[in-house]
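Shown next, in structure tokens, is the structure this report addresses.
The values are calculated or read from the model by the stated rules, or taken from the named source; none is laboratory data. Fair warning: this is a prediction, and the values are worked out from it, not measured in the lab. Note that each Cβ is placed from the backbone with ideal geometry, even for glycine, and that neighbours are counted across all protein chains shown. Ligands, DNA and RNA are stripped out before the accessible areas are found, and what is left, the full protein with its side chains, is counted by its heavy atoms. Shrake-Rupley method; radii C 1.70, N 1.55, O 1.52, S 1.80 Å.
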Amino acid sequence: MSSLAGKTVFISGASRGIGLAIALRAARDGANIVVTGKTATPHAKLPGTVYTAAAEIEATGGKALPIILDIRFEDQVYGAVTQAVQRFGGIDILINNASAISLTGTLETPMKRFDLMMGINLRGTFLCSQACLPHLAKAVNPHILTLSPPLDMRAKWFAPHTAYTIAKYGMSMCVLGMAEEFRNAGIAVNALWPRTIIATAALQIILGADPERGRKPEIVADAAWHILTQNSRDTTGNFFIDEDVLAAAGITNLSQYAVALSASLKSDLFLD
């Protein structure tokens, strides 16, 4: 495959940031995008709603179905999947992008925040995958792509923010298990993670984060596109890093993705 034209892509957390960037890249090919998220009206600090994202997608050349969705709730997820299938006839690709973050120690993490991270990151990833899988099984080249890091059980990744690490690694464990579980069905299940921090609106609310030391979300979107256009039977069970995916595709000059060319890049969490 060299295009996502006509493919239906279900994306959790697609109203802004990396999720929206992936949606817009697929829309350039003429894909159908199921835009899901909790934001119906503009957030005080985070711009974009599922409706503004849908408008951008259609202006880019794709078709969009905006759905207000909290992926912690089973009825909402299954309802959204049903709407997607009714509108577009099936689902070819699932992007598990939605994620909650709290880089706090054990004593500083309220249980409400703990539950939010587990509910969105781990449970939401499992639930969206579960709901989409019967439809992915009918697709010609089905993919699940989860925005989560390579698994690394060293204590240094847990100690500063145990709850968040468990939640993100839970997403990665879904990739590990489901890739093997659905290998014979030809459903690709992979993870993708950025080498550097990504300058999104969400990054700006993290204390001490400097967006100028990061890259634009388009680098993740372009890497995702290269993964999703591969044969699903040949590309599964991988924990991809964005710049490595692009290098394999012959793209080694990454200056176009830099927020500030003069700034030193900062590695993302969970990567040495």
- line: In segment 89-126, anything open to solvent by 40 Å² or more (accessible area, probe 1.4 Å) and assigned to a loop (DSSP other than H, G, I, E, B) is listed as 89, 99, 101, 103, 110
task: For segment 79-88, state whether one or more residues are buried (at least 20 other Cβ atoms within 10 Å of the Cβ) and more than 20 Å from the chain's Cα centre (by Cα).
output: yes
message: Take residue 244 and tell me if it is open to solvent by 40 Å² or more (accessible area, probe 1.4 Å), of a type outside the set (Val, Ile, Thr) and either in contact with a strand residue (DSSP E or B) (Cβ under 7 Å, 6 or more places away or on another chain) or outside any helix (DSSP H, G or I) (or both).
response: no
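If you go through segment 144-152 one residue at a time, do you hit one that is small (Gly, Ala, Ser) and over 15 Å from residue 94 (Cβ atoms)? Working first, answer last.
Going through segment 144-152, the residues small (Gly, Ala, Ser) turn out to be 148.
Checking the rest, the ones that are also over 15 Å from residue 94 (Cβ atoms) come to none.
No: zero hits.
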task: From 116, 127, 136, grab the single residue that is modelled with pLDDT of 95 or more, closer than 24 Å to residue 177 by Cα, in contact with a Leu (Cβ under 9 Å, 6 or more places away or on another chain) and not small (Gly, Ala, Ser).
output: 136
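Looking at this structure, is residue 84 assigned to a helix (DSSP H, G or I), in contact with a strand residue (DSSP E or B) (Cβ under 6 Å, 6 or more places away or on another chain) and in contact (Cβ under 8 Å) with a residue 40 or more places away in the chain? Walk me through it before giving the result.
Numbers: assigned to a helix (DSSP H, G or I): yes; in contact with a strand residue (DSSP E or B) (Cβ under 6 Å, 6 or more places away or on another chain): yes; in contact (Cβ under 8 Å) with a residue 40 or more places away in the chain: yes.
Yes; evaluated as a whole, the condition is true for this residue.
Give me a count of the residues in segment 198-230 that are among the β-branched types (Val, Ile, Thr), part of a loop (DSSP other than H, G, I, E, B) and either surrounded by fewer than 17 Cβ atoms within 10 Å (Cβ to Cβ) or at pLDDT 95 or above (or both).
Kept after step one, since they are among the β-branched types (Val, Ile, Thr), are these residues of segment 198-230: 198, 200, 205-206, 219-220, 227, 229.
Next, from what is left, pick out any that are part of a loop (DSSP other than H, G, I, E, B): 200, 206, 229.
Checking which are either surrounded by fewer than 17 Cβ atoms within 10 Å (Cβ to Cβ) or at pLDDT 95 or above (or both) leaves us with 206, 229.
Number of matching residues: 2.
Filtering segment 17-49 down to residues that are among the polar types (S, T, N, Q) and either more than 23 Å from residue 79 (Cβ to Cβ) or modelled with pLDDT of 95 or more (or both), which residue is least open to solvent (accessible area, probe 1.4 Å)? Spell out how you get there, then give the answer.
Let us first name the residues in segment 17-49 that are among the polar types (S, T, N, Q), namely 32, 36, 39, 41, 49.
The next check asks that each one be either more than 23 Å from residue 79 (Cβ to Cβ) or modelled with pLDDT of 95 or more (or both); those that pass are 32, 36.
Working: 32: 18, 36: 1 Å².
Of everything passing the filter in segment 17-49, 36 is least open to solvent (accessible area, probe 1.4 Å).
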- request: Working only within segment 151-173, note down all residues that are of a type outside the set (Gly, Ala, Ser), touching a residue at least 60 places away in the same chain (Cβ under 8 Å) and under 23 Å from residue 132 (Cα atoms).
  value: 168, 171
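In segment 2-25, what count of residues is obtained for those that are of a type in the set (A, V, I, L, M, F, W, C) and closer than 25 Å to residue 211 by Cα?
8
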task: Give me the pairs, please: first residue somewhere in segment 238-267 and under 21 Å from residue 209 (Cβ atoms), second residue anywhere and exposed (fewer than 12 other Cβ atoms within 10 Å of the Cβ), beta-carbon distance under 9 Å, and either six or more positions apart or on two chains.
output: 243/252; 261/255
message: Against the condition assigned to a helix (DSSP H, G or I), open to solvent by 40 Å² or more (accessible area, probe 1.4 Å) and over 16 Å from residue 101 (Cβ atoms), how does residue 156 come out, does it pass?
response: yes
- request: Name the residue, out of 183, 195, 233, that is in contact with a helix residue (DSSP H, G or I) (Cβ under 9 Å, 6 or more places away or on another chain), open to solvent by 20 Å² or more (accessible area, probe 1.4 Å) and modelled with pLDDT of 95 or more.
  value: 195
task: Note down all Cβ pairs under 7 Å where the first residue falls in segment 174-197 and is in contact (Cβ under 8 Å) with a residue 12 or more places away in the chain and among the β-branched types (Val, Ile, Thr), the second is in a strand (DSSP E or B) and surrounded by fewer than 20 Cβ atoms within 10 Å (Cβ to Cβ), and they're at least six residues apart or on different chains.
output: 196/267
